[in-house]
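Before any comments, here is the structure.
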Amino acid sequence: MDYDRVTQIRAKAFAHLDEAQFGWFHLRAILVSGVGFYTDSYDNFVINLALPMLYHVYFPKSPDLQYPSDFPQRNPNYDAWMKAATSYGNLFGQLSFGYLGDKLGRKNMYGVELMIMIVCTIGSAFSASAIRGANILQTLAVWRFFLGIGIGGDYPLSAIITSEFANVKWRGTMIAAVFAMQGIGILTGGLVTLATLAALQNSIRSDPAYLDLVWRIILAFGVIPAMGAVYFRLTIPETPRYTVDVIGSVDQAERDVEKVMALNATRDVSSNWVGEEVANGTRANVKKGGFWAHFGQWKNGKILFGCAFTWFALDVAWYGLSLNASTILTLINWNGSNSLPPYDNYWQKTVGQVIIACMGTVPGYWVCVALIDRMGRKPIQYLGFAVITVCLLILAIAWDTIKNNTVAFCVVFTIAQFFFQFGPNTTTFVVPGEVFPTRFRSTAHGMSAAMGKLGAIIGVEAVGPFFSMNPKAVLYVFTVVMALGGVATYFIPETMGKTLEALSGEDDAFESQETIL
């Protein structure tokens, strides 16, 4: 084998990707990955709007259904388990799809997770109690768990595919733009709920049992964007970096890069990939295995620790707050009174969540998209953790006063939501897609994301049930965890302006391995 030629072809192919102008293929990659993430976030967070209506109908406080159910107050652990069911699936999906993305290839797994989501979204919307055995909550929880597997699988695959096709200049922006669709998904959940409530207003006012139809519609809506993205995901090409560094086909990667460059210049984001996907040719020597040997070295292990722990810390508070938004709005008396008619009660709470999304959540994502390749990942993450820590500390210290001042609470809470997105919620997704070697990149991203979902489970299931009973204690816990996340940011490198190979040391490893052989 002519190793000099292999090195030259590999370096040339990657240089074309790294130095390419932002073009139509890049835009297509963002849209294909972003639509999936839009669906992920919609499905993940709409449960916060759906569950109160389900409880209202199936576990009523009064036979006439005129008052919101007190089921969450009577069964806080059950409520938390329902909200965390998807996170359990996320954890499993992130680990399994992360590993399979490295083992079988990015392309071979991409689209599978969306098909899982489509089936399980439909199943969730048609959940019902059995005559004997599982009740509707248990049935829904099972569907939500498997839905979570599909959602979890999307995290490493979307991040890695976007990262490995991106150029250096816009890589952070591209990955962050994919993740920013999470904010649009959260906002859409509120808007779909408002539209469904408005469409069924007269029916709900005359018979609150029509809320059963509302929560089913808002869950089922998640299938629409997922179906629209399946074809494009199944036809996306394998990344040239995986083709070289894992499969070992250098000539194939060179041809693939040429096709990517051609599609990038085609003013059509729907242009399809054509040509032979697998071909014989010059083969690179591929380094196999060695995951634990690689990360057993502190210089590499500390990066995996930093990515995993910061994501864990973030999700403890992020999911703990986001999936308990209805509880928070009730605690600050946003809905006025639980004595409001059912329609007005749910309309008011949904409007509150839409306002929070518009004021803090969605803008935070897109400000991060605009600045991540100018400020860098670490400064944004440090800033985000610091501001969130201060905001949560203010809420904890002043809770007895601020809970009765809706405007003051919304200002502080909105600032915190803004810096969640213009901060660690975005950067913890971006950095793991950049810092690991190609052969471990999907696995390590999946592990980092899974640690995040472990944090989400703790935030929702272990801490969340105490929100109604002792919100100050919960806020103090979240404050400490956010501060620890800021400290752990020290262990991740700054990735702005660097190639993936420079960050992972793959160029040096590739050349030294060829020298030995």
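The values are calculated or read from the model by the stated rules, or taken from the named source; none is laboratory data. Computed from a predicted structure; not experimentally measured. Virtual Cβ from ideal backbone geometry, glycine too; neighbours counted across all protein chains shown.
Which one of these does LEU140 not meet: (1) crowded, with 23+ Cβ neighbours inside 10 Å; (2) part of a loop (DSSP other than H, G, I, E, B); (3) not hydroxyl-bearing (Ser, Thr, Tyr)?
Every listed condition holds for LEU140 apart from (2).
Give me a count of the residues in the range 102-127 that are closer than 23 Å to PHE440 by Cβ and either of a type in the set (S, T, N, Q) or in contact with a Lys or Arg (Cβ under 8 Å, 6 or more places away or on another chain) (or both).
So in the range 102-127, the residues closer than 23 Å to PHE440 by Cβ come out as 102-113.
Narrowing further to those that are either of a type in the set (S, T, N, Q) or in contact with a Lys or Arg (Cβ under 8 Å, 6 or more places away or on another chain) (or both): 102, 108, 110-111.
Residues in the range 102-127 being closer than 23 Å to PHE440 by Cβ and either of a type in the set (S, T, N, Q) or in contact with a Lys or Arg (Cβ under 8 Å, 6 or more places away or on another chain) (or both): 4 in total.
Looking at the range 69-79 only, could you name the residues that are surrounded by fewer than 24 Cβ atoms within 10 Å (Cβ to Cβ) and touching a residue at least 12 places away in the same chain (Cβ under 8 Å)? Can you show your working first?
First, the residues of the range 69-79 that are surrounded by fewer than 24 Cβ atoms within 10 Å (Cβ to Cβ): 69-71, 73-78.
Within the range 69-79, SER69, PHE71, GLN73, PRO76, ASN77, TYR78 meet the criteria.
Any chance you could count how many residues in the range 456-489 are modelled with pLDDT under 95 and not aromatic (Phe, Trp, Tyr)?
Here the count works out to 19.
Got a sec? Which of VAL487, VAL430, VAL411, VAL481 is under 23 Å from the mean Cα position of the chain (by Cα) and free of Cβ contacts under 8 Å to residues at least 40 places away in the same chain?
Working: VAL430 fails: free of Cβ contacts under 8 Å to residues at least 40 places away in the same chain; VAL411 fails: under 23 Å from the mean Cα position of the chain (by Cα); VAL481 fails: free of Cβ contacts under 8 Å to residues at least 40 places away in the same chain.
None of the others qualify; the one that does is VAL487.
Those residues that are closer than 30 Å to ALA11 by Cα and either touching a Phe, Trp or Tyr at 6+ places or on another chain (Cβ under 8 Å) or polar (S, T, N, Q) (or both), I need them from the range 175-214; list them, please. Can you show your working first?
Looking only at the range 175-214, we keep the residues that are closer than 30 Å to ALA11 by Cα, and these are 175-179.
Once the filter is applied, which keeps residues that are closer than 30 Å to ALA11 by Cα and either touching a Phe, Trp or Tyr at 6+ places or on another chain (Cβ under 8 Å) or polar (S, T, N, Q) (or both), the range 175-214 yields ILE175, ALA176, VAL178, PHE179.
Of the residues that sit in the range 91-106 and are buried (at least 18 other Cβ atoms within 10 Å of the Cβ) and either basic (Lys, Arg) or touching a Gly at 6+ places or on another chain (Cβ under 6 Å) (or both), which one is nearest to ARG144 (Cα to Cα)?
GLY93
Please enumerate the residues belonging to the range 233-250 that are surrounded by fewer than 21 Cβ atoms within 10 Å (Cβ to Cβ) and assigned to a helix (DSSP H, G or I).
LEU234, ILE247
Go through the range 71-106 residue by residue and tally those that are closer than 19 Å to PRO437 by Cβ and charged (D, E, K, R). Explain how you work it out, then say what you get.
Filtering the range 71-106 for residues closer than 19 Å to PRO437 by Cβ gives 94-95, 97-106.
Filter again for charged (D, E, K, R), leaving 102-103, 106.
Selection size over the range 71-106: 3.
Rundown of residues vs (1) closer than 26 Å to CYS358 by Cα; (2) of a type outside the set (A, V, I, L, M); (3) in contact with a Leu (Cβ under 6 Å, 6 or more places away or on another chain), yes/no style:
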{"position": "GLY101", "(1), (2), (3)": "no, yes, yes"}
{"position": "SER127", "(1), (2), (3)": "no, yes, yes"}
{"position": "ALA130", "(1), (2), (3)": "no, no, no"}
{"position": "GLY133", "(1), (2), (3)": "no, yes, no"}
{"position": "THR139", "(1), (2), (3)": "no, yes, no"}
{"position": "TYR155", "(1), (2), (3)": "yes, yes, no"}
{"position": "ALA159", "(1), (2), (3)": "yes, no, no"}
{"position": "GLU164", "(1), (2), (3)": "no, yes, no"}
{"position": "MET174", "(1), (2), (3)": "yes, no, no"}
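Assess whether GLY290 counts as being farther than 27 Å from ALA229 by Cα, at pLDDT 70 or above and not hydroxyl-bearing (Ser, Thr, Tyr). Explain how you work it out, then say what you get.
On the way: farther than 27 Å from ALA229 by Cα: yes; at pLDDT 70 or above: yes; not hydroxyl-bearing (Ser, Thr, Tyr): yes.
Judged against the criteria, GLY290 is a match.
Select from the range 379-410 the residues that are part of a loop (DSSP other than H, G, I, E, B) and within 18 Å of VAL477 (Cβ to Cβ) and write down the one among them that is modelled with the lowest pLDDT.
Pass one, the range 379-410, residues part of a loop (DSSP other than H, G, I, E, B): 398, 403-405.
Subsequent filtering for residues that are within 18 Å of VAL477 (Cβ to Cβ) retains 398, 403.
Working: ALA398: 92, LYS403: 80.
Among them, the one singled out is LYS403.
Look at ILE131 and say whether it is assigned to a helix (DSSP H, G or I) and not aromatic (Phe, Trp, Tyr). I'd like the intermediate steps shown before the answer.
On the way: assigned to a helix (DSSP H, G or I): no; not aromatic (Phe, Trp, Tyr): yes.
Answer is no for this residue.
So which pairs qualify, if the first residue must be in the range 102-127 and farther than 30 Å from GLY290 by Cβ, the second must be outside any helix (DSSP H, G or I), the Cβ gap must be under 8 Å, and the two must be at least 6 apart or on different chains?
That search, which allows pairs on different chains as well, returns MET117/GLY222; THR121/GLY222.
What number of residues in the range 117-127 are out of contact with any Phe, Trp or Tyr (no Cβ under 7 Å at 6 or more places or on another chain), buried (at least 17 other Cβ atoms within 10 Å of the Cβ) and among the hydrophobic types (A, V, I, L, M, F, W, C)? Outline the logic, then answer.
Pass one, the range 117-127, residues out of contact with any Phe, Trp or Tyr (no Cβ under 7 Å at 6 or more places or on another chain): 117-119, 121-122, 125-126.
Next cut, buried (at least 17 other Cβ atoms within 10 Å of the Cβ) only: 117-118, 121, 125.
Subset that is among the hydrophobic types (A, V, I, L, M, F, W, C): 117-118, 125.
So the answer is 3.
Name the residue that is nearest to LEU17 (Cα to Cα), counting only residues in the range 210-260 that are free of Cβ contacts under 8 Å to residues at least 60 places away in the same chain and among the hydrophobic types (A, V, I, L, M, F, W, C).
By that ranking, first place goes to ILE224.
Given the options ALA229, ALA180, ALA253, name the one that is modelled with pLDDT under 95, over 30 Å from ASN425 (Cβ atoms), assigned to a helix (DSSP H, G or I) and of a type outside the set (D, E, K, R). Spell out how you get there, then give the answer.
Working: ALA229 fails: over 30 Å from ASN425 (Cβ atoms); ALA180 fails: over 30 Å from ASN425 (Cβ atoms).
When all the criteria are applied, what remains is ALA253.
Among the residues of the range 143-170, which ones are surrounded by fewer than 24 Cβ atoms within 10 Å (Cβ to Cβ), of a type in the set (S, T, N, Q) and in contact with a Gly (Cβ under 7 Å, 6 or more places away or on another chain)?
none
Pull up the range 19-35, narrow it to residues that are part of a helix (DSSP H, G or I) and of a type in the set (A, V, I, L, M), then point me to the one that is farthest from the chain's Cα centre (by Cα). Give the derivation first.
Let us first name the residues in the range 19-35 that are part of a helix (DSSP H, G or I), namely 19, 24-35.
Still in the list and also of a type in the set (A, V, I, L, M): 27, 29-32, 35.
Details: LEU27: 19, ALA29: 17, ILE30: 14, LEU31: 15, VAL32: 15, VAL35: 12 Å.
Only one residue fits best here, namely LEU27.
Please tell me if ALA15 is within 22 Å of THR196 (Cβ to Cβ) and in a helix (DSSP H, G or I).
Numbers: within 22 Å of THR196 (Cβ to Cβ): no; in a helix (DSSP H, G or I): yes.
Spelling it out, it is not the case that ALA15 is within 22 Å of THR196 (Cβ to Cβ) and in a helix (DSSP H, G or I).
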